[in-house]
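Working notes for the structure below.
The values are calculated or read from the model by the stated rules, or taken from the named source; none is laboratory data. The model shown is predicted, which means the values in this text are computed figures rather than measured ones. Cβ sites come from the backbone with ideal geometry, for glycine too, and all protein chains shown count toward neighbours. For the accessible areas, the whole protein counts, side chains as well, though only heavy atoms, and no ligand, DNA or RNA atoms are used. Shrake-Rupley method; radii C 1.70, N 1.55, O 1.52, S 1.80 Å.
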Amino acid sequence: GLYKHHFSVPSHWENKVINLVFEGVMTDAEVKVNGKLAGEVHQGAYYAFKYDISKLVKFDTDNILEVTVSKHSQNQSVNEAERKGDFWIFGGIFRPVYLEILPQQHIEHVAIDAKATGELKAQVKLRSITEPMEVFAQLHDVTGKKVGAAISTKVRVGQTLLEIKNQ
């Protein structure tokens, strides 16, 4: 499939991280913004992926997104999993595509290991930390009531990974 879409980016998004997010594309996807590759060809369909396109977009004017999707992957193991394992034969963009706008300093990803005993450990991936700060976490039950005390961890300049735990 060949997809082409025009979009605009407001100037107040300058100095922000602008991610182009795909929630599902089958199978290999080559993504270009304004004629330039957004990153490596993505392979595989069943998980979201994104590209930081902050340096590729033009502000307050027309931008062009072009996506070329191959129904079959160049990676044989992807074909085996998607065609023989799941028996899906369709192709193309089958879930939402959108822009995600984030401040330069932000949390990119959190992996949480919570135990029935109340023990909590979280790995937090950070981006562009330019000043010392602190990350706080608070557990809540299903009704929104706080469970236990808030926990925090200090973050150093340049730190990209931290662990928060309550015990």
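Which cross-chain or sequence-distant (5 or more) residues have an amide H under 5 Å from the amide H of LEU126, H modelled 1.01 Å from N in plane?
When sequence neighbours closer than 5 places are left aside, the close amide H contacts are GLU108, LEU161, LEU162.
Among THR130, SER152, ASN19, which residue has its Cα positioned farthest towards the positive end of the charge dipole of the chain, with +1 placed on the Cβ of Lys and Arg, -1 on the Cβ of Asp and Glu, and the dipole taken about the Cα centre?
Highest projection toward the positive end goes to SER152.
Give the distance, in whole Å, between the Cα centre of the range 22-38 and the Cα centre of the range 81-145.
22 Å
Can you divide the C-alpha Rg of the range 51-167 by 2.2 N^0.38 Å and report the result to two decimal places? Numbers along the way, then the final one.
Values: Rg = 20.7 Å, N = 117, 2.2 N^0.38 = 13.4 Å.
Ratio of Rg to 2.2 N^0.38 Å for the range 51-167: 1.54.
Compute log10 of I(q)/I(0) for the range 22-64 with the Debye formula, placing one identical point scatterer on every Cα and leaving out solvent, at q = 0.16, 0.21, 0.32 Å⁻¹, to two decimals.
-0.45, -0.70, -1.14
Return one whole number: the accessible area per residue of the range 58-164 in Å², for a 1.4 Å probe.
67 Å²
With +1 on each Lys and Arg Cβ and -1 on each Asp and Glu Cβ, how big is the dipole of the chain about its Cα centre, in debye rounded to the nearest 20?
Details: 20 positive and 20 negative charges, 48 e Å.
Taking the Cα centre of the chain as origin, the dipole is about 240 debye.
Could you give each residue of the range 114-129 its phi-based ³J(HN,Hα) in whole Hz, using Karplus coefficients 6.51, -1.76, 1.60 with θ = phi - 60°, and x for Gly or Pro?
Working through the residues one at a time gives 10, 9, 5, 6, x, 5, 9, 9, 10, 9, 10, 8, 10, 9, 6, 6 Hz.
Dividing the alpha-carbon Rg of the range 1-86 by 2.2 N^0.38 Å yields what?
Ratio of Rg to 2.2 N^0.38 Å for the range 1-86: 1.21.
Per residue of the range 24-31, in order, report the coupling 6.51 cos²θ - 1.76 cosθ + 1.60 (Karplus, θ = phi - 60°) as ³J(HN,Hα) in whole Hz, putting x for Gly and Pro.
Taking θ as phi minus 60°, the curve returns x, 9, 10, 10, 8, 10, 9, 10 Hz for the range 24-31.
Highest mean first, how do 89-98, 26-35, 118-127 rank when packing is the count of other Cβ atoms within 10 Å averaged over residues? Present the calculation step by step, with values, prior to reporting the outcome.
Details: 89-98: 13.4, 26-35: 19.1, 118-127: 15.3.
In decreasing order of mean packing, 89-98, 26-35, 118-127 become 26-35, 118-127, 89-98.
How large is ³J(HN,Hα), in whole Hz, for each residue of the range 32-47 in order, when computed from phi with the Karplus curve 6.51 cos²θ - 1.76 cosθ + 1.60 and θ = phi - 60°, using x for Gly and Pro?
10, 10, 6, x, 10, 4, 7, x, 5, 4, 7, 10, x, 10, 9, 8
Any idea which of ILE89, HIS42, VAL69 is furthest toward the positive side of the dipole for the chain, if Lys and Arg beta-carbons carry +1 and Asp and Glu beta-carbons -1?
HIS42
How long are the semi-axes of the equivalent ellipsoid of the range 117-167, defined as square roots of 5 times the Cα gyration tensor eigenvalues? Whole Å, largest first.
Value: 24, 11, 9 Å, ordered largest first.
If contacts are Cα pairs under 8 angstrom and at least 6 residues apart, what is the relative contact order of the chain in percent? Please report the intermediate quantities before stating the final value.
Working: 353 pairs, mean separation 36.7, N = 167.
Relative contact order here is 22 percent.
With a 1.4 Å probe and all protein chains left in place, how much of the accessible area of the chain comes from carbon and sulfur atoms, in whole percent?
Within the chain, the accessible surface is 54 percent carbon and sulfur.
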